[in-house]
Amino acid sequence: MIDPNTQRGAGALVLFSGGQDSSVCLAWALARHERVETVGFDYGQRHAVELEARLGVRARLAAEFPAWAARLGEDHVLDISSFGAVAASALTADRAIEMTEKGLPSTFVPGRNLAFFVYAAALADRRGLKALVGGMCETDFSGYPDCRRDTLDAMQSALNLGMAQDFAIATPLMRLTKADTWSLAKGLGGEALVRLIVEESHTCYLGDRTTLRPWGYGCGTCPACELRGRGWEAWVAQGRPALRPEGAP
Ligand code: ZN
């Protein structure tokens, strides 16, 4: 298997939604790759607020971390609204967020991460980037089968076989809890990065940007807010530790 750690010099493409997880992934990539581009997907989300948060996170990373500003390259937003139409769910239509009979939350969009990686890999091929970085996590994950490392190992093989490439799918958050993700942010960029992620990244399913809570903006009650809030509280209870990423300089 390709080890993303051996591809430090190669450029990276970060699947970047503007949420907490992908914002930490962007910082992680900037700390280890000399060239980092970002890609976002517009698949007809209910809230353009996520796509706006992406720009806020990127701008502040560039302003507050000059070494990373030099590495931060282009941003790409791909319109995949036809995928959103096929996969209509609570994220893309006004349906209640609940558990389905398969034991998956109704926010699950079937095949979403797989589709993201197909588009991201095609873009990375054109841009000469080798590492595909995603914030998938199977520790605190909401039961999404396409967040599992097994799934992404298979995806990496399929992309490399099908595109005659040697991409590495890097998932720095895969084994981390939501509290650990805050620790990683602090390890990468100190309290300044923690602050930036609190204030600029967006997670709330309801798109609430009016109430700033200790862990960020959000309604405070939707499943995404609850997960983010619980992770923050666990991190604070641990004394706000910093986690130095593997292979950090
Ligand atoms: Zn919320």
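The values are calculated or read from the model by the stated rules, or taken from the named source; none is laboratory data. Since the structure is predicted, the reported quantities are computational estimates derived from the model, not experimental observations. Using ideal geometry, Cβ is built from the backbone for each residue, glycine included, and neighbour counts are taken over all protein chains shown. Only protein heavy atoms, including side chains, enter the accessible area calculation; ligands, DNA and RNA are left aside. Shrake-Rupley method; radii C 1.70, N 1.55, O 1.52, S 1.80 Å.
When the accessible area of the range 109-231 is computed with all protein chains present and a 1.4 Å probe, what percentage of it is carbon and sulfur? Walk me through the numbers before you get to the answer.
Numbers: 2480 of 4620 Å².
After summing per-atom areas, the C and S share lands at 54 percent.
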Residues listed by number, the range 47-85, amide nitrogen under 14 Å from Arg127 label point at 7 Å toward C-beta: 55, 58, 71-79
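What does the charge count around Thr38 come to, taking other residues whose C-beta lies under 12 Å from its C-beta (Lys +1, Arg +1, Asp -1, Glu -1)? Display every interim value, and only then the final one.
On the way: positive: Arg35, Arg54, Arg58, Arg71, Arg127; negative: Glu37, Glu74, Asp75.
With Lys, Arg at +1 and Asp, Glu at -1, the net is +2.
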Quick check: pseudo-label points 7 Å beyond the Cα along Cα→Cβ at Glu226 and Ala48, how many nm apart are they? 3.1
Using only protein heavy atoms and a 1.4 Å probe, report how much of Val118 is accessible, in Å² to the nearest 10. 70
Counting only the heavy atoms of the protein chains, how much of Thr177 is accessible to a 1.4 Å probe, in Å² to the nearest 10? 50
Provide the net charge surrounding Gly218, with neighbours chosen by a C-beta distance below 11 Å and charges set as Lys +1, Arg +1, Asp -1, Glu -1. +1
Per residue value of the accessible surface for the range 11-237 (all protein chains in place, 1.4 Å probe), Å²: 40
Could you sort Glu34, Glu200 by accessible area so the largest value comes first, with the probe set to 1.4 Å? Glu34, Glu200
